[in-house]
Amino acid sequence: MAKQIILYNLAPHVTHEQYRDYVIGEKGPLLESLSSVKKFELIKIASTPQVKAPYQYVGIMHLTSLDDFNRMDAPSPKFQEFLKKWQTMVTDVQMFFGEEIY
């Protein structure tokens, strides 16, 4: 199964509580409504054993395929509007695409 994994931090003006409300009320439902997204997960990093974690959040989208996402959903007006808003709320974004092995 194809996956998109996104690591990021919140922008200084966004609290964790505000972001949680946004994810539950808007972001999560929107991403899961996309035809190429089977499931969306968001993980807030709580701690690491020895060092300060470089990222606060890990988002994982389980995709039907990377091609489906890039062809149908990524260019859609709905997704592009989401990105415009989301990008104002986050910083230090790292994005990866991959295939599940196990």
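Observations on the structure shown:
- Of Ser65, Ser47, Ser33, the residue with the largest accessible area leads and the full order is Ser47, Ser33, Ser65 (1.4 Å probe).
- Within the accessible surface of the chain, defined with a 1.4 Å probe on protein heavy atoms only, the carbon and sulfur portion equals 58 percent.
- Sites matching trypsin sites (Lys or Arg not before Pro) across the stretch 24-66 that sit in DSSP coil, with at most 14 neighbouring C-beta atoms within 10 Å: Lys52
- Angle between the chain longest axis and helix 77-87 axis [Cα atoms, degrees, rounded to 10]: 10
- At most 13 other Cβ within 10 Å, DSSP loop - GluC sites (Glu not before Pro), the stretch 38-102: Glu100
- Computed over the chain: relative contact order in percent, which uses C-alpha pairs under 8 Å that are six or more apart: 50
- For the chain, the equivalent ellipsoid derived from the alpha-carbon gyration tensor has semi-axes of 23, 18, 11 Å in decreasing order.
- Per-residue Karplus couplings for the stretch 8-24, computed as 6.51 cos²θ - 1.76 cosθ + 1.60 with θ equal to phi - 60°, are listed in order as 6, 10, 7, 5, x, 8, 10, 8, 4, 5, 4, 5, 4, 4, 5, 5, 5 Hz, Gly and Pro entered as x.
- In the chain, a dipole from Cβ-located charges (positive for Lys and Arg, negative for Asp and Glu) runs towards its positive end, and of Leu83, His16, Gly28 it is His16 whose Cα lies farthest in that direction.
- Compared with the alpha-carbon gap, the fully stretched path from Lys39 to Val14 is longer by 6.5 nm at 0.36 nm per residue.
- Hits among aspartates and glutamates - C-alpha to C-alpha of Lys52 under 19 Å, sequence gap 8 or more where chains match: Asp92
- At R0 = 25 Å, FRET efficiency that the Cβ-Cβ distance of Glu26 and Lys52 yields, to 0.05: 0.30
The values are calculated or read from the model by the stated rules, or taken from the named source; none is laboratory data. No experiment lies behind these values; they were computed from the predicted model shown. Quick reminder, even Gly has a Cβ in these numbers, built from the backbone with ideal geometry, and neighbours come from all protein chains shown. To get the accessible areas, we keep the full protein, side chains included, count just its heavy atoms, and leave off ligands, DNA and RNA. Shrake-Rupley method; radii C 1.70, N 1.55, O 1.52, S 1.80 Å.
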